[in-house]
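Peer 1: Before I ask anything, let me first share the structure, which is written out below as C-alpha cells.
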Number of protein chains: 2
Amino acid sequence: MARHPVRAAGDRTPTVYDVADRASVSIATVSRVLRTPDAVREATRERVLDAVRDLGYVPSGNARALAGRKTGVIGLCFPGHDALEEEDRPAPELTDGVRVVDDRRRGAAPQSPNLYFDEVLRGAEVEAWRRGFALMVAAGRGPARDVIVNDIAGRVDGLAVLARTVSDDLLVHVARRLPVVLLADAARTGAEPPDGLDHVSVDNAAGMQALVTHVVERLGVRDLVYVAGPADSPDDAERQRGLFAALDAAGLDRAVVEHVRGDFRRDTGDAAVADLLGRRVPRALVCANDQSALGALDALRRRGLRVPDDVYVTGFDGLDVGRFTEPPLTTVAQPMAELGRAAVRAVVDRLADPGAPLLSSRLPVQVLLRESCPPVDTSM
Amino acid sequence: MARHPVRAAGDRTPTVYDVADRASVSIATVSRVLRTPDAVREATRERVLDAVRDLGYVPSGNARALAGRKTGVIGLCFPGHDALEEEDRPAPELTDGVRVVDDRRRGAAPQSPNLYFDEVLRGAEVEAWRRGFALMVAAGRGPARDVIVNDIAGRVDGLAVLARTVSDDLLVHVARRLPVVLLADAARTGAEPPDGLDHVSVDNAAGMQALVTHVVERLGVRDLVYVAGPADSPDDAERQRGLFAALDAAGLDRAVVEHVRGDFRRDTGDAAVADLLGRRVPRALVCANDQSALGALDALRRRGLRVPDDVYVTGFDGLDVGRFTEPPLTTVAQPMAELGRAAVRAVVDRLADPGAPLLSSRLPVQVLLRESCPPVDTSM
DNA sequence: ATGAAAGCGCTAACAA
DNA sequence: TTGTTAGCGCTTTCAT
C-alpha cells in the first residue's frame, strides 16, 4: 500500500504544451482533441489522448475560461448557516470509541439547522447540472461576506443571491459585470429593492392569507394568536400582510389578533408560547414559520394541551419534519427546491438574452392541511 | 422602476486596463491596490478605488487564478440527488393561485430527499469559508459525471469526492494534478480503494456493533431481523460487519438473523417490512438506515403493532426527523456535517504540506437510544 | 512608490 | 487536417 500521495511533491502539473510535445502535435491540435474531437484525424486523436492519459493531464479551467470568455459556472450566495457558525467546536475526536447515549425526549427540542437553504441549494444544483453549468456556493458570514461575493462574482458567468445576503450596493456593483438574480426578496420595509435585477420569490402573503382564511372562515376560529418572526424579516412582514388580508376579508378586527414576537427558531417558538399560555389559551396559534410551530407543539404538549382539540397550530415553510410530528403539522409549503431551480434558470436565461425584459416571478405556494389544523373541525 | 437589466447589452466588462486608464496609473498599481493596499500611496489608492467604483470593476477570478497559480476554490463532488433527478417535472406554474390540499396521513410516507449529502455539503461549506476558500459543487448524475468532475478538477486547488461518485480511474488521474480526498469510502467488496489518496470516513461497523450489542445483550433480544440496504452498498456492507461482530461476541448464531433486502429508501423499508410482517414478527427490526426505519415504523403502525412494546426498531444515520417520529427513533448518528468539514480540512492540509503522510481518518459515531428501542426494557 | 514587461495555460482566428 | 499566433486579464519580478 502506498505511503505517500499520488502526486510526487515535485511534479509540475502538465499543460497543453507537454501533451503536444509528447504527441508530436501543436497545442492547437491538443485543444481540438478536447473541444472538437471530430475535427481531428482519428490516429492523431488517439496519440493525443494517450499523451493525456500518460501525463495525467487535466486542462486548466481558468485558462480555458479566460481564453473562452466564459466560465460555465454559476454562483449562489446565501446567508450563513446559523447553527454551525455560532458554535466553534473543538476538533473532532478521532478515537474509535462509540458513545451510547440516552437520547429520549427531555425538554424542548434543540434548534435544528436551517433546512431552507439546503433545499434551495439542492434545487439550484440540479438545474445547474441540467443546463451544463457547475455551481459555486458561498454562504456568507461576517464582514468577509462582501469580499467573498465580489470574489465569486469574478469567477462565474452569473449569480443568484438570496435576499439580505449582501449589501445592495455590492449587488448593483457586480450586476454591472454579470447577470444577478435576487431570490426571495420579499417586500421590504422602507427601502426599495435594488432595481434592474431579475427577481424570483415565493408568494408568502397569498399563502398565509389562504391559510388564515381557512382557519377563520372554515373552522370558524375567532380567537387566534400570531407567533411572529423577527421584526426585520421581510418574509415575516409579507406573511403578516397575508394574515391581515384574511382577517379584513372575513370582517374581523385586526386587533383580535395578539402578536407574540419570535425569531423563527424552535426554542423561541417554544419560549414565547410557553409564556403566552401562562396567560391565556387561544383557539389557534398561527406561527410565522415551521420552526416556531414545532416549538409551540412542544410547549403545548408539556402543558397537557391537546392539538388540535384544544388548540389549532399552523406553521409556514413545509419542512419535511412537519409530516412526522404528533400531530402532523398544518403548514404552507414553499417550493424551496423550485426556488433554487428557478433562480438558476433565470440566470441562464439572462445569459442567453441579455436584452430580455426584467423577470419578476413569484412561485406559488401550497397550503397543506394536516392534523394540527385539519380541513374540518373534528373536535366534537 | 427600471425596465431593463442594469448592464446595458453592449457594455464591455471593464478590466485592469480600464481602471488604470481612468486613474492614470499603470495596471501594476491597480493590482497592488487590490492585493496589497499598503504598498500604495494613499492618494493613489483613492484614485484607483474611485475608478473601480465608477467603472463597476470586478476583477476576473480566472485571470487572477491563472496568473497566481491558485484558485482559492475547493471542489466537492457527490452522487446526484436521487429524488429530484428522476422526476422531470413540468415548468413551474407562475400563477398566483394557492392550492389548499388535505394532506393528512394516508399510506406510506413518500421518499424525502436524501438529507445526508445536504449536511455534508453544509459542513464542507462552513469549513471552506473558515479557511478562506470558496466551494464548488457538482452532484454528478448520468454519464456526464466524469466529464464534469474532470472539468471541476481543472478549476480548483483541491477536491473532495464522495465515494462511488466517479470511477477510480478518473480519481487517480485527477489526483496527479491536485489533492483529492475520498469521503466515506467504506470497505469495498472486492476491489481495493484507489491508493495514494487521503481518506475520511465514518465508523459504520463500530456503530452498528455497539447498537446491536445493546439490543442483544442489554435488551436480551434473540429474535431480530436486519433490513439491509442495496447489495452493492459499501456502507451497508460495513454495517453488516458490525452486526455480525456483535452477534459473534454475544455468542449468537448469525443464522438467527433474517435479512430483508431493502434499498435505503423509505418506501422500500415499508414494503419489505410489510411483506415480512405478513409471515412473522420479530422482537427487533434493525434497519440499515433511517429511511428504511421510518418506512418500517409506518408499516408497523398500519398493522397495529406497537413500538417498542411489540417490536423494537432501530435506524442508522441520525436524521433529524428521527427525533420527531412516534416513537422517536433509536439510531446511530453519523457526524455528517463533520464529515464535510473534515474533508475540506484534509484538502487544505494536503495543500499546505504535499509531502505529509497519507491521512486515513475515521470519524466516531454515536448511538442514540430513543423510545423506539430504549436504554432498558420498559415493556413490562 | 510606481511602471514595464514577461508570463500563467488555453482558445480561436487565420494560414498553410 | 494541422500549425502559427494573438490575445484573454491578471500577478509579479525587476527596474526606475
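The values are calculated or read from the model by the stated rules, or taken from the named source; none is laboratory data. It should be emphasised that the depicted structure is a prediction, and the values quoted were computed from it without experimental measurement. Here the Cβ positions follow ideal geometry from the backbone for every residue, glycine too, while neighbour counts run over all protein chains shown. In case anyone asks, the SASA skips ligands and DNA or RNA and just uses the protein heavy atoms, side chains included. Shrake-Rupley method; radii C 1.70, N 1.55, O 1.52, S 1.80 Å.
Peer 1: Any chance the range B:50-58 includes a residue that's within 16 Å of DNA strand C (Cβ to nearest atom), farther than 28 Å from A:R130 by Cα, open to solvent by 30 Å² or more (accessible area, probe 1.4 Å) and modelled with pLDDT of 95 or more?
Peer 2: yes
Peer 1: Output the residues belonging to the range B:20-39 that are assigned to a loop (DSSP other than H, G, I, E, B) and either within 22 Å of A:A175 (Cα to Cα) or within 11 Å of DNA strand D (Cβ to nearest atom) (or both).
Peer 2: B:S26, B:T36
Peer 1: Scan the range A:230-264 for residues that are under 19 Å from A:L276 (Cα atoms), of a type in the set (A, V, I, L, M) and within 30 Å of the chain's Cα centre (by Cα) and report the count.
Peer 2: Selection size over the range A:230-264: 2.
Peer 1: Which residues, counting only those in the range B:137-179, are farther than 24 Å from A:L76 by Cα and within 11 Å of chain A (Cβ to nearest Cβ)?
Peer 2: Those that are farther than 24 Å from A:L76 by Cα and within 11 Å of chain A (Cβ to nearest Cβ): B:D169, B:L170, B:L171, B:V172, B:H173, B:V174, B:A175, B:R176, B:R177, B:L178, B:P179.
Peer 1: Please tell me if A:F324 is of a type in the set (F, W, Y) and at pLDDT 90 or above.
Peer 2: Taking the combined requirement at face value, the residue does not satisfy it.
Peer 1: Take the residues of the range B:21-49 that are among the acidic types (D, E) and near DNA strand C (Cβ under 9 Å from one of its atoms): which is least open to solvent (accessible area, probe 1.4 Å)?
Peer 2: B:E42
Peer 1: List the helices (runs of 4 or more DSSP H) that sit entirely inside the range B:121-229 and contain at least 2 residues that are at pLDDT below 90.
Peer 2: B:144-153, B:168-175
Peer 1: Within the set of pairs 6 or more residues apart or between chains, which connect a residue that is over 25 Å from A:A210 (Cβ atoms) inside the range A:299-314 to a residue that is part of a helix (DSSP H, G or I) with Cβ atoms less than 6 Å apart?
Peer 2: A:A299/A:D270; A:A299/A:V273; A:A299/A:A274; A:R303/A:L277
Peer 1: Is it true that some residue in the range B:280-292 is within 22 Å of the chain's Cα centre (by Cα), modelled with pLDDT under 90 and within 14 Å of another protein chain (Cβ to nearest Cβ)?
Peer 2: Yes, the range B:280-292 has at least one match.
Peer 1: Here is a further query. Please determine whether any residue of the range B:60-78 is over 27 Å from A:V200 (Cα atoms), within 12 Å of chain A (Cβ to nearest Cβ), modelled with pLDDT under 90 and surrounded by 12 or more Cβ atoms within 10 Å (Cβ to Cβ).
Peer 2: yes
Peer 1: Still on this structure, I have one more. Report every pair of residues separated by at least 6 positions or lying on different chains whose Cβ atoms are under 8 Å apart, first residue within the range A:33-59 and at positive phi, second of a type in the set (K, R).
Peer 2: A:G56/B:R176; A:G56/B:R177
Peer 1: For the range B:362-379, state whether one or more residues are of a type in the set (V, I, T), in contact with a Leu (Cβ under 9 Å, 6 or more places away or on another chain) and part of a helix (DSSP H, G or I).
Peer 2: No, every residue in the range B:362-379 fails to be of a type in the set (V, I, T), in contact with a Leu (Cβ under 9 Å, 6 or more places away or on another chain) and part of a helix (DSSP H, G or I).
Peer 1: Just checking, which of A:V257, A:V216 is without any contact (Cβ under 8 Å) to a residue 60 or more places away in the chain, buried (at least 18 other Cβ atoms within 10 Å of the Cβ) and in contact with a strand residue (DSSP E or B) (Cβ under 6 Å, 6 or more places away or on another chain)? Spell out the reasoning first.
Peer 2: On the way: A:V216 fails: in contact with a strand residue (DSSP E or B) (Cβ under 6 Å, 6 or more places away or on another chain).
Selected residue: A:V257, the only one of A:V257, A:V216 that is without any contact (Cβ under 8 Å) to a residue 60 or more places away in the chain, buried (at least 18 other Cβ atoms within 10 Å of the Cβ) and in contact with a strand residue (DSSP E or B) (Cβ under 6 Å, 6 or more places away or on another chain).
Peer 1: So, in the range A:230-244, how many residues would count as being assigned to a helix (DSSP H, G or I) and open to solvent by less than 60 Å² (accessible area, probe 1.4 Å)?
Peer 2: 10
Peer 1: Next up: Check off (1) at pLDDT 90 or above; (2) out of contact with any Pro (no Cβ under 6 Å at 6 or more places or on another chain); (3) among the polar types (S, T, N, Q) for B:T378 and give me the number that stays unchecked.
Peer 2: (1)
Peer 1: State whether the residues of the range B:299-318 include one that is within 29 Å of B:C77 (Cα to Cα), within 23 Å of the chain's Cα centre (by Cα), open to solvent by 10 Å² or more (accessible area, probe 1.4 Å) and facing chain A (nearest Cβ under 10 Å).
Peer 2: Among the residues of the range B:299-318, at least one is within 29 Å of B:C77 (Cα to Cα), within 23 Å of the chain's Cα centre (by Cα), open to solvent by 10 Å² or more (accessible area, probe 1.4 Å) and facing chain A (nearest Cβ under 10 Å), which makes the answer yes.
Peer 1: Only one of these is in a helix (DSSP H, G or I), at pLDDT 80 or above and in the same structural domain as B:P230 (by TED's automatic domain parsing): B:L305, B:L247. Name it.
Peer 2: None of the other options fit; the residue is B:L247.
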